[in-house]
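What follows is a single structure, written as structure tokens, with notes after it.
The values are calculated or read from the model by the stated rules, or taken from the named source; none is laboratory data. Keep in mind it's a predicted model, so treat the numbers as computed, not measured. Don't worry about glycine lacking a Cβ; one is built from the backbone with ideal geometry, like all the others, and counts go over all protein chains shown.
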Amino acid sequence: MYIYDCIVPLVGSIVLIICVLVGVAFLTLLERKVLGYIQIRKGPNKVGFMGIPQPFSDAIKLFTKEQTYPVLSNYLPYYFSPVFSLFLVLLVWMVAPFITTLFSFNLGLLFFLCCTSLGVYTVMIAGWSSNSNYALLGGLRAVAQTISYEVSLALILLSFVFLVEGFYLIDFIKFQSGVWFIFLSFPLALGWFASCLAETNRTPFDFAEGESELVSGFNVEYSSGGFALIFLAEYASILFMSMLFSVILLGCNIYSFIFFLKLSFIGFMYIWARGTLPRFRYDKLMYLAWKSFLPLSLHYLIFFMGVKLFVLSILF
């Protein structure tokens with residue numbers, strides 16, 4: 001029995017990680033295709049049937065290229081920060097609300113907040129250890145942005161935690177069997193989506209990777225495998241945020257096909273935002289976080305606390 005309890009979660013975790021990485025591969029293909037059609041051109045269509053094996057050939061190309069590193073860089077932090085970044089994103093997938101034998105536990109959302117907070121350090125260390133001014137500026141921007149939007153992300157999450165009275169993701173699925181939370185708090189859902197865009201450094205909040213002024217931001221000195229790992233971590237994070245949006249606001253059973261349709265649609269919205277929106281101005285980004293999203297999330301938090309107290313006073 002003890003061996004069974006050890007082996008099943010281990011095998012389940014490996015299968016989950018493989019599925020996430022394959023999902024990331026096809027998300028990159030979807031992004032290139034959708035951006036192609038938005039810009040009235042074809043996406044990748046040369047490799048195999050309709051360009052479907054393209055992500056795998058890109059991965060082979062990236063991981064087989066020669067690894068270069070700046071002579072003046074702090075080598076160990078520079079080398080390990082992309083690895084740690086991907087590790088953190090794959091670790092946070094362990095809280096996915098599977099009812100069977102994986103690591104879905106009572107404090108799953110708290111664990112998610114801890115892992116996203118640690119993600120800031122990987123970007124900061126990647127920017128600093130490269131010993132390049134452009135990379136350092138990109139890292140500083142990313143840290144300021146991520147910390148700012150983590151506040152609104154946590155407060156929005158806290159509003160729903162007050163409704164559900166727990167951090168367990170499966171409780172969110174049970175509580176939304178009657179009505180989805182997106183109908184109860186549509187402005188909050190928009191704030192959550194915008195905060196997720198900022199948290200994952202996506203357009204229109206991609207200041208950490210501002211090509212026009214920072215060449216490529218914190219990852220400018222990375223090539224081949226290091227760049228591929230940063231890329232994988234970003235897209236795995238997008239997939240996870242899409243999954244969390246579906247579970248928290250579009251309440252659905254993770255074992256149903258509709259759940260994957262919802263997840264795909266939220267992922268498509270990330271790409272849609274990239275294809276249509278220009279980059280925000282940096283001061284307006286900070287203004288949006290502290291002057292708009294913070295009051296919005298606090299108002300909703302107080303409102304939901306009041307609703308919960310009112311309901312409890314009626315019941316008891």
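Does E221 qualify as being within 30 Å of Y75 (Cα to Cα) and either touching a His at 6+ places or on another chain (Cβ under 7 Å) or free of Cβ contacts under 8 Å to residues at least 60 places away in the same chain (or both)?
When the stated conditions are applied, E221 does not pass them.
Please verify whether segment 173-181 includes one or more residues that are within 19 Å of the chain's Cα centre (by Cα), surrounded by 18 or more Cβ atoms within 10 Å (Cβ to Cβ) and of a type outside the set (S, T, N, Q).
Taking every residue of segment 173-181 in turn, none turns out to be within 19 Å of the chain's Cα centre (by Cα), surrounded by 18 or more Cβ atoms within 10 Å (Cβ to Cβ) and of a type outside the set (S, T, N, Q).
What residue, of Y149, Y222, is in contact with a helix residue (DSSP H, G or I) (Cβ under 8 Å, 6 or more places away or on another chain), crowded, with 19+ Cβ neighbours inside 10 Å and not in a helix (DSSP H, G or I)?
None of the other options fit; the residue is Y222.
Could you check segment 14-25 and list, in sequence order, the residues that are crowded, with 17+ Cβ neighbours inside 10 Å and more than 16 Å from the chain's Cα centre (by Cα)?
Correct list: L16 only.
I'm trying to understand the selection: among the residues of segment 120-174, which are of a type outside the set (A, V, I, L, M, F, W, C) and at pLDDT 85 or above?
Selection gives Y121, T122, S129, Q145, T146, S148, Y149, E150, S152, S159.
Could you list all residues from segment 40-60 that are of a type outside the set (A, V, I, L, M) and under 25 Å from the mean Cα position of the chain (by Cα)?
Selection gives G43, P44, P53, Q54, P55, F56, S57, D58.
Could you tell me how many of the residues in segment 291-316 are closer than 13 Å to I156 by Cβ and small (G, A, S)?
2
Conditions (1) in contact (Cβ under 8 Å) with a residue 60 or more places away in the chain; (2) of a type in the set (F, W, Y); (3) farther than 30 Å from I170 by Cα; (4) not in a loop (DSSP other than H, G, I, E, B), marked per residue:
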position	(1), (2), (3), (4)
I14	no, no, no, yes
L21	yes, no, no, yes
K33	no, no, yes, yes
I40	no, no, yes, no
P55	no, no, yes, yes
A59	yes, no, yes, yes
E66	yes, no, yes, no
S81	no, no, yes, yes
L91	no, no, no, yes
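Would you mind finding the one in F268, F240, F245 that is in contact (Cβ under 8 Å) with a residue 24 or more places away in the chain, surrounded by fewer than 21 Cβ atoms within 10 Å (Cβ to Cβ) and either assigned to a helix (DSSP H, G or I) or of a type in the set (F, W, Y) (or both)?
Every option except F268 fails the conditions.
Any residue in segment 36-55 that is closer than 30 Å to N131 by Cα and modelled with pLDDT under 90?
Within segment 36-55, not a single residue is closer than 30 Å to N131 by Cα and modelled with pLDDT under 90.
Taking N106 as the residue in question, decide whether it is among the polar types (S, T, N, Q), modelled with pLDDT under 85, on the phi < 0 side of the Ramachandran plot and in a loop (DSSP other than H, G, I, E, B).
For N106, the condition - among the polar types (S, T, N, Q), modelled with pLDDT under 85, on the phi < 0 side of the Ramachandran plot and in a loop (DSSP other than H, G, I, E, B) - is met.
Can you pull out every residue in segment 12-45 that is of a type in the set (D, E, K, R) and out of contact with any helix residue (DSSP H, G or I) (no Cβ under 8 Å at 6 or more places or on another chain)?
R41
Name the residue that is nearest to I17 (Cα to Cα), counting only residues in segment 56-97 that are polar (S, T, N, Q) and modelled with pLDDT of 85 or more.
S85
Report whether or not I125 is more than 22 Å from I18 (Cα to Cα), in contact (Cβ under 8 Å) with a residue 12 or more places away in the chain, surrounded by 18 or more Cβ atoms within 10 Å (Cβ to Cβ) and in contact with a Pro (Cβ under 8 Å, 6 or more places away or on another chain).
yes
Here is a list: R281, R202, R274. Which entry is basic (K, R), surrounded by 14 or more Cβ atoms within 10 Å (Cβ to Cβ) and either free of Cβ contacts under 8 Å to residues at least 60 places away in the same chain or over 20 Å from S152 (Cα atoms) (or both)?
R274
Check whether at least one residue in segment 245-253 is farther than 19 Å from M124 by Cα and of a type in the set (G, A, S), and report yes or no.
yes
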